[in-house]
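Novice: Please find one structure pasted underneath; my questions will follow.
The values are calculated or read from the model by the stated rules, or taken from the named source; none is laboratory data. Since the structure is predicted, the reported quantities are computational estimates derived from the model, not experimental observations. Cβ sites come from the backbone with ideal geometry, for glycine too, and all protein chains shown count toward neighbours. Note: accessible area is taken over every heavy atom of the protein model, side chains too, but ligands, DNA and RNA are not part of it. Shrake-Rupley method; radii C 1.70, N 1.55, O 1.52, S 1.80 Å.
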Amino acid sequence: MDKKELINSGKVKSVFATDKDDEVIIEFRDDMTAGDGERKEVMNDKGAYNAVISAKIFKVLDENGIATQFVDLIEPNVMLAKKLEMIPIEVIVRNIATGSLVRKYPLEDGTKLEPPILQMDFKADEYHDPMLNDSIIKSLGIATQEEIDILTEEALKINEILIEFFEDAGIILVDFKVEFGKDVNGNILLGDEISPDSCRLWDSKTLDMLDKELFRKGKDDEVMDAYIEVYNRILTDEEKVI
Ligand code: C5P
C-alpha cells in the first residue's frame with residue numbers, strides 16, 4: 001500500500017491518503033508533547049512502540065466485539081487503517097481518581113472509582129479541551145444523543161476488556177482516553193490510538209507509573225523504559241517487531 005499525500009498532521013501522528021478512498025496510512029512519530037502541545041521532545045522509537053502496542057490492543061478489542069479502524073501494521077511505526085471522520089470528543093474512563101480529576105474535585109488521589117467515571121472532553125487545544133455534557137455536545141453539533149450513547153457504551157466495554165487484559169500483564173488500568181470516528185459508511189469505529197501516551201498504567205505490585213505521566217512530571221529519562229516495559233509485558237515474542 002503506497003503512501004500518498006499528507007491529509008493531517010497531529011501532535012504525534014501523521015495521516016496519509018492511500019490508493020483506496022476508504023483507507024489511510026497513519027505514521028506514529030517519535031514526538032512527545034504535554035500541556036496542549038506547549039512542551040515537545042523527541043523520544044527515540046516512541047512512535048514504533050506506541051504503534052505496536054496500539055495495534056495489539058486494537059486487535060484484542062476487535063476479538064472482543066469492538067469495531068476499530070485498525071487494518072494492519074505495515075511497519076513498526078506505520079499502521080494501515082480505515083479512513084474515519086473523527087468526532088472531536090475525548091472519551092475518558094477513570095477507574096482510579098488521579099490527574100485532572102483530583103485537581104478539579106475533592107477526591108483523594110488513588111481513590112478507587114466504582115462504578116468507573118466516564119467523562120467527555122472537547123478535543124480543542126485552543127480551548128484547553130474543556131469538559132462537555134450532553135447538551136453542550138448537541139449545541140456544538142458534534143454528536144447526536146444516539147451517538148453519545150454509542151460512545152458511552154463502547155468506552156465502558158473497552159474499559160472492561162482492557163482492565164482484564166492489563167491485569168494479566170501485571171498492570172493496573174488507572175484511566176484512559178479514546179476517540180471515535182465515522183467510516184465512509186457512517187459506522188462509528190474506535191480510532192486514534194490506545195497506548196501509554198493515552199492511558200495511565202501502574203505496575204500492579206509497585207504502583208510505578210508506566211506511561212506518559214512520567215513525561216508530564218519531567219522524568220523524561222524514564223519514559224522509554226516504561227513504554228518498553230509495557231511492550232514487553234503485553235506482546236508475545238512473535239509480536240515483538242522492534
Ligand atoms: O489529565 P487527565 O487526568 O484528565 O487524563 C485522563 C486520561 O486521559 C489519562 O490517561 C490521560 O493520559 C488521557 N488523556 C489523553 N489526552 C488528553 C487528555 C487526557 O490521552 N488530551
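Novice: Answer yes or no: is there a residue in region 39-52 that is touching a Phe, Trp or Tyr at 6+ places or on another chain (Cβ under 7 Å) and charged (D, E, K, R).
Specialist: Looking for residues that are touching a Phe, Trp or Tyr at 6+ places or on another chain (Cβ under 7 Å) and charged (D, E, K, R), one finds at least one in region 39-52, hence yes.
Novice: Within region 220-230, restricting attention to residues that are surrounded by fewer than 22 Cβ atoms within 10 Å (Cβ to Cβ) and of a type outside the set (A, V, I, L, M), which residue is farthest from ILE148 (Cα to Cα)?
Specialist: ASP221
Novice: Residue check: is ALA48 free of Cβ contacts under 8 Å to residues at least 40 places away in the same chain, among the small types (Gly, Ala, Ser) and either out of contact with any Ser or Thr (no Cβ under 8 Å at 6 or more places or on another chain) or not in a strand (DSSP E or B) (or both)?
Specialist: Values: free of Cβ contacts under 8 Å to residues at least 40 places away in the same chain: no; among the small types (Gly, Ala, Ser): yes; either out of contact with any Ser or Thr (no Cβ under 8 Å at 6 or more places or on another chain) or not in a strand (DSSP E or B) (or both): yes.
Answer is no for this residue.
Novice: Which members of region 117-134 meet the condition of being over 17 Å from the mean Cα position of the chain (by Cα), within 12 Å of the ligand (Cβ to nearest atom) and open to solvent by less than 90 Å² (accessible area, probe 1.4 Å)?
Specialist: If the condition is that a residue be over 17 Å from the mean Cα position of the chain (by Cα), within 12 Å of the ligand (Cβ to nearest atom) and open to solvent by less than 90 Å² (accessible area, probe 1.4 Å), then PRO130, MET131 are the ones that fit.
Novice: Only residues that are more than 16 Å from the ligand (Cβ to nearest atom) and either of a type in the set (S, T, N, Q) or surrounded by fewer than 16 Cβ atoms within 10 Å (Cβ to Cβ) (or both): list them for region 189-219, please.
Specialist: First, pick out the residues of region 189-219 that are more than 16 Å from the ligand (Cβ to nearest atom): 189, 204-206.
Answer for region 189-219, where residues must be more than 16 Å from the ligand (Cβ to nearest atom) and either of a type in the set (S, T, N, Q) or surrounded by fewer than 16 Cβ atoms within 10 Å (Cβ to Cβ) (or both): SER204, LYS205, THR206.
Novice: Considering only residues that are part of a loop (DSSP other than H, G, I, E, B), in contact with a strand residue (DSSP E or B) (Cβ under 8 Å, 6 or more places away or on another chain), more than 15 Å from the ligand (Cβ to nearest atom) and open to solvent by less than 50 Å² (accessible area, probe 1.4 Å), which ones fall in region 72-116?
Specialist: Residues satisfying the conditions are ASN77, LEU84.
Novice: Still on this model: Looking at region 62-92, which of its residues are among the β-branched types (Val, Ile, Thr) and within 16 Å of VAL184 (Cβ to Cβ)? Give the steps one after another, and end with the answer.
Specialist: Filtering region 62-92 down to residues among the β-branched types (Val, Ile, Thr) leaves 66, 68, 71, 74, 78, 87, 89, 91-92.
Passing the criteria: THR68, VAL71, ILE87.
Novice: Evaluate the following for LEU151: is it touching a residue at least 24 places away in the same chain (Cβ under 8 Å), within 10 Å of the ligand (Cβ to nearest atom) and not acidic (Asp, Glu)?
Specialist: For LEU151, the condition - touching a residue at least 24 places away in the same chain (Cβ under 8 Å), within 10 Å of the ligand (Cβ to nearest atom) and not acidic (Asp, Glu) - is not met.
Novice: So which residues in region 79-101 are of a type outside the set (Asp, Glu) and over 28 Å from ASP203 (Cα atoms), if there are any at all?
Specialist: LEU80, ALA81, LYS82, LYS83, LEU84, MET86, ILE87, PRO88, ILE89
Novice: While we're on this one: Looking for whichever is over 18 Å from LYS212 (Cβ atoms) and under 16 Å from the mean Cα position of the chain (by Cα) here; the options are GLU27, GLU114. Which one fits? Give the steps one after another, and end with the answer.
Specialist: Details: GLU114 fails: under 16 Å from the mean Cα position of the chain (by Cα).
Selected residue: GLU27, the only one of GLU27, GLU114 that is over 18 Å from LYS212 (Cβ atoms) and under 16 Å from the mean Cα position of the chain (by Cα).
Novice: If you don't mind, there's one more thing I want to ask. In this structure, is ILE158 away from the ligand (no atom under 12 Å from the Cβ), surrounded by 14 or more Cβ atoms within 10 Å (Cβ to Cβ), of a type in the set (A, V, I, L, M) and in contact (Cβ under 8 Å) with a residue 40 or more places away in the chain?
Specialist: yes
Novice: Search region 12-26 for residues that are on the phi < 0 side of the Ramachandran plot and pair each with any residue that is of a type in the set (Asp, Glu) and in a strand (DSSP E or B) when their beta-carbon atoms are under 8 Å apart and the residues are at least 6 apart or on different chains.
Specialist: Between residues of region 12-26 that are on the phi < 0 side of the Ramachandran plot and residues that are of a type in the set (Asp, Glu) and in a strand (DSSP E or B), the close pairs are VAL12/ASP31; LYS13/GLU27; SER14/GLU27; VAL15/GLU27; PHE16/GLU27.
Novice: Moving to a separate point now. Name, by its number, the condition in (1) more than 14 Å from LEU190 (Cα to Cα); (2) within 18 Å of the chain's Cα centre (by Cα); (3) not basic (Lys, Arg) that does not hold for THR152.
Specialist: If we test THR152 against (1) more than 14 Å from LEU190 (Cα to Cα); (2) within 18 Å of the chain's Cα centre (by Cα); (3) not basic (Lys, Arg), just (1) comes out false.
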